[in-house]
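A quick write-up on the structure given underneath.
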Amino acid sequence: MIEDTYAEVFEGIYSRVIITADDTEVLRQAAMDATAMPSVVIGRTEGGIERWLDESETPDRRRGALLQFWGAIEEGRPAQYSVSRFERELAYRIRQDILVKPFTAVFDAMEEPAGTLDMMERVGHCGDGFEWEERRYEREMIIVPTMVPDFIIERRLGYATGVMGANFWYMCRTKEAVMEAGMRALESIHATGGVITPFDICSAGSKPETRFPEIGPTTNHPYCPSLKGREGESSKVPEGVHYIPEIVINGTSMERVREAMGAGIRSVMDVEGVVRISAGNYGGRLGQSVIRLREVVQ
């Protein structure tokens, strides 16, 4: 049932932050909006909700969400180039998706940062020069005056390198299996801690080569069930399989990613309608390391 294959993984830059709000629905919207549209593959950022937090777990004693934001490391360029690009993209997410929500705040949540990003230039200055700094919650905070006063953000957010791109495919006979197995997998993965699933249940696994490079990754056509049997196409879809969802995992360390991947795979193995488990890999062209599927479920 589990193919003898592997997922390729690679290093990425990430920040881990806590967001809080007065209102639970506003918090949910801010967390979902800020982590929507995973887009590292087109040079932007991707993110996810690691878990929801109660009042005892946040600096300002409000309900919160623990988020991760991720950026790519550009090969052949100085490390600071990737950090600067990530800082710019992270600031977009904060400004456009969190700052604009009523009574929100952002706090650093990095455990062992490699460095910090100064939020004054790209977020604080949204106050147009009227922003100020203040020590709150035993942290150095920027207060950005807004028409529904006020947005606050910790001045320095940490960053480090982690592991991106771990994945597995669960091949299904039925639509029902796609959703039941997927929800089980997501619950099991997030229970391990330190990881996110930027696409959750993803219906569009991609491949590195494409005839249309200007739009980025395109469909992994050998594994598209609707193309099976089409003249001139060589299909790799097994008999009886009609759906091939993918779950992608990013995490703060290789150990956490392996644990999460194993938990996710084990959770779908006994779901009716799941017939095989595999992964996307690209012959070493994508990732510096590999995670073998059978090893993580032992």
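If you look at just the Cα atoms of the stretch 146-203, how large are its Rg and its Dmax in Å?
Expressed in Å, the Cα Rg and Dmax of the stretch 146-203 come to 17.7, 53.
I need the fraction of alpha carbon pairs in the chain separated by more than 24 Å, rounded to a whole percent.
54
How would Cys172, Cys224 line up from fewest to most surrounding beta-carbon atoms within 10 angstrom?
Cys224, Cys172
The stretch 151-174 to the stretch 18-75: how many Å between their Cα centroids?
10
Using only C-alpha atoms and all pairs of different ones, pull out the Kirkwood radius for the stretch 146-298 in Å with one decimal.
17.1
Using only Cα atoms, what is the ratio of the radius of gyration of the stretch 1-43 to 2.2 N^0.38 Å?
So the Cα radius of gyration is 1.79 times the expected 2.2 N^0.38 Å.
Quick one: compute a quarter of the convex hull surface over the Cα atoms of the stretch 184-237 and quote it in nm².
5.5
Packing-wise, with mean Cβ within 10 Å as the measure, how do 237-246, 253-262 rank, highest first?
Result, highest mean first: 253-262, 237-246.
Taking the Cα atoms of the stretch 12-160, what is the range of coordinates along each of the three principal axes, in descending order and whole Å?
The Cα atoms of the stretch 12-160 stretch 43, 33, 27 Å along their principal axes.
Above 13 angstrom, tally the Cα pairs of the stretch 197-268 and express them as a % of all pairs, no decimals.
73
Read the figures in this text as sums done on the coordinates, not as results from a lab. Please read all numbers here as calculations on a predicted model, not as lab measurements. Glycine also receives a Cβ, built like all others from the backbone with ideal geometry; neighbour counts cover every protein chain displayed.
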